[in-house]
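J.: Below you will find the structure I want to go over with you.
The values are calculated or read from the model by the stated rules, or taken from the named source; none is laboratory data. A quick note: this is a predicted structure, and the numbers were derived from the prediction, not measured. Note that we place each Cβ from the backbone using ideal geometry, even for glycine, and neighbour counts take in every protein chain shown.
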Amino acid sequence: MRELRARILYDNGRRPDFRAASGDHVDDQRLDFGAWHFVGRRTADGPPLGYVRLSTPATGEQFQSREYLGPEAYAQLLLDSGLGTGETYEHSRLVVEHHARKLGLGVQLNALAPAAARHLGAKAMVGTSGTKDGQDAFHARFGFQPVKGTRQYVERYTEDVVLLLCRIGEAAGDYSDLVAQYTDLFPQLVVNAQTVRLDVPTMREEEPHTLSAALTLARTALAPDQESWRPEPVEGSRALRTLLASGRVREVHDTIEQQITELVRSREPGPATTTRPNWPPPANGSWTGPSRGSTGAGSSIRGPDASCTCCRRPSSGWCAPTATGARSTGPSSGGSSTAGSA
């Protein structure tokens with residue numbers, strides 16, 4: 001999991017600190033020990049496509065949030081928020097493989113972390129988040145709020161980072177229902193690295209099962225109605241309109257408009273950016289300035305000579321986004337994620 005995290009965070013050189021001189025992708029953290037690790041896959045035996053970590057109060061002195069603010073400032077934040085160290089958990093390292101984005105996996109993982117924390121008795125969650133690609137806005141849809149005065153540029157992540165706080169007892173933003181469903185499902189999702197024992201009628205308690213068999217059972221016997229979220233191939237606008245009018249579609253996620261907005265807000269990592277926005281743009285068509293949704297220094301928007309943020313090839317325009325779907329192994333929802341939480 002460390003290699004997966006580091007490779008995604010490295011992002012083709014955007015965050016060079018996540019690759020060693022040997023060429024290996026490295027993200028070794030003591031915080032991994034004693035934490036909950038949630039991994040998303042297409043199939044039980046498939047390669048990991050996404051990941052998020054939930055750290056408990058047992059490792060509170062190693063929280064990234066505490067290191068980011070400093071011990072005294074972190075303690076003061078908890079005091080001002082009416083929270084204790086024994087009831088505060090940390091959410092971190094949300095990452096999704098580039099080719100697996102637009103499948104809703106980031107939403108599922110980001111809902112599972114607060115659901116697990118709620119089940120384990122947490123009253124609040126903290127975490128640090130990048131801002132360049134709107135990661136903080138993504139977390140806000142789950143009830144995470146930025147802590148005033150904590151945003152600053154971090155060289156390791158090559159972008160502005162902000163501390164987020166989420167109170168578990170309050171509504172989880174746009175995904176409150178999804179978090180509630182995962183809170184109930186959490187005991188059945190927990191597995192041992194070697195074997196798993198699930199308390200269901202079809203499985204005797206004394207009989208260990210392989211991870212693959214147990215997860216298959218959890219998806220079928222214990223998970224919500226799997227038909228509520230499934231791929232539906234559509235060719236042409238007429239077929240799409242027919243499907244939407246059929247009454248079978250309950251929600252629409254990840255529309256073309258949303259994808260275009262995300263493409264416009266994203267930025268190909270370049271060799272250098274300005275340290276302060278330069279406004280207005282010069283008349284030659286290539287300029288730097290504040291990107292949409294960005295308030296920090298060092299953001300940029302590049303003109304027609306920029307590389308495409310989709311395929312990373314030089315282009316005079318943008319690649320046409322495509323909608324992608326995948327059968328969910330959990331409650332129905334859609335969405336996308338980037339390497340969100342630091």
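J.: Given the criteria touching a Phe, Trp or Tyr at 6+ places or on another chain (Cβ under 6 Å) and touching a residue at least 60 places away in the same chain (Cβ under 8 Å), does Leu31 qualify?
T.: no
J.: I'd like to verify a number: residues in the stretch 6-47 that are within 30 Å of Glu87 (Cβ to Cβ) and either under 15 Å from the mean Cα position of the chain (by Cα) or outside any helix (DSSP H, G or I) (or both), how many?
T.: Number of matching residues: 12.
J.: Tell me, please, whether a residue that is modelled with pLDDT under 50, more than 27 Å from His139 (Cβ to Cβ), assigned to a loop (DSSP other than H, G, I, E, B) and touching a Leu at 6+ places or on another chain (Cβ under 7 Å) can be found in the stretch 204-212.
T.: So far as the stretch 204-212 goes, no, none of its residues is modelled with pLDDT under 50, more than 27 Å from His139 (Cβ to Cβ), assigned to a loop (DSSP other than H, G, I, E, B) and touching a Leu at 6+ places or on another chain (Cβ under 7 Å).
J.: When you go through Glu72, Glu67, Glu3 one by one, which is the residue that is outside any loop (DSSP other than H, G, I, E, B) and modelled with pLDDT under 95?
T.: After applying the criteria, what remains is Glu3.
Quick grid of which residues meet (1) touching a residue at least 60 places away in the same chain (Cβ under 8 Å); (2) over 20 Å from Gly34 (Cα atoms); (3) surrounded by fewer than 17 Cβ atoms within 10 Å (Cβ to Cβ):
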site: Ser65; (1), (2), (3): yes, no, no
site: Leu69; (1), (2), (3): yes, yes, no
site: Glu90; (1), (2), (3): no, no, no
site: Arg93; (1), (2), (3): yes, no, no
site: Gly106; (1), (2), (3): yes, yes, no
site: Ala111; (1), (2), (3): yes, yes, no
site: Ala116; (1), (2), (3): yes, no, no
site: Leu120; (1), (2), (3): yes, no, yes
